């Protein structure tokens, strides 16, 4: 089962991930909410839309904007609605 970890903590795990452009998108329900805080960061992808971010906070350490999601993805990317993906040192293993 795919699992995302950072700083020794399991951030998400699910056997229902969707792989897009090499990234595992986990259902938002699989995200451990105790480790995330809203971020002000936003970026734009030409085909997926505008991404929003969460900061990870584990054991007093913050990994800024390490989790992203598309709250209102473009039609071509509807499959990743209500899913999150990771970067910036978050390890995703199957």
Out of the residues in the stretch 61-77 that are under 17 Å from residue 5 (Cβ atoms) and surrounded by fewer than 17 Cβ atoms within 10 Å (Cβ to Cβ), which is nearest to the chain's Cα centre (by Cα)?
-> 62
Does residue 57 fit the bill of being surrounded by fewer than 19 Cβ atoms within 10 Å (Cβ to Cβ), without any contact (Cβ under 8 Å) to a residue 24 or more places away in the chain, touching a helix residue (DSSP H, G or I) at 6+ places or on another chain (Cβ under 9 Å) and assigned to a strand (DSSP E or B)?
-> yes
Kindly provide the set of residues from the stretch 14-34 that are crowded, with 16+ Cβ neighbours inside 10 Å and touching a helix residue (DSSP H, G or I) at 6+ places or on another chain (Cβ under 6 Å), ordered by number.
-> 14, 25
For the stretch 8-24, state whether one or more residues are part of a helix (DSSP H, G or I), modelled with pLDDT of 95 or more, under 13 Å from the mean Cα position of the chain (by Cα) and closer than 15 Å to residue 94 by Cα.
-> no
Any chance residue 51 is within 11 Å of the chain's Cα centre (by Cα), modelled with pLDDT of 95 or more and closer than 13 Å to residue 23 by Cα | no
Within the stretch 78-94, considering residues that are within 12 Å of residue 19 (Cα to Cα) and over 10 Å from the mean Cα position of the chain (by Cα), the one surrounded by the most Cβ atoms within 10 Å (Cβ to Cβ) = 92
Restricting the first residue to the stretch 66-83 and requiring it to be modelled with pLDDT of 95 or more, which pairs with a second residue that is surrounded by fewer than 13 Cβ atoms within 10 Å (Cβ to Cβ) and part of a strand (DSSP E or B) meet a Cβ separation below 8 Å and a spacing of at least six or different chains?
-> 68/43
Inspect the stretch 39-48 for any residue being touching a helix residue (DSSP H, G or I) at 6+ places or on another chain (Cβ under 9 Å), part of a strand (DSSP E or B) and either modelled with pLDDT of 95 or more or surrounded by 19 or more Cβ atoms within 10 Å (Cβ to Cβ) (or both) and give the result as yes or no.
-> yes
Quick one: count up the residues across the stretch 54-75 that are over 19 Å from residue 9 (Cα atoms) and out of contact with any strand residue (DSSP E or B) (no Cβ under 9 Å at 6 or more places or on another chain).
-> 1
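The values are calculated or read from the model by the stated rules, or taken from the named source; none is laboratory data. The structure presented is a predicted model; accordingly, all values stated were derived computationally and were not measured. Don't worry about glycine lacking a Cβ; one is built from the backbone with ideal geometry, like all the others, and counts go over all protein chains shown.
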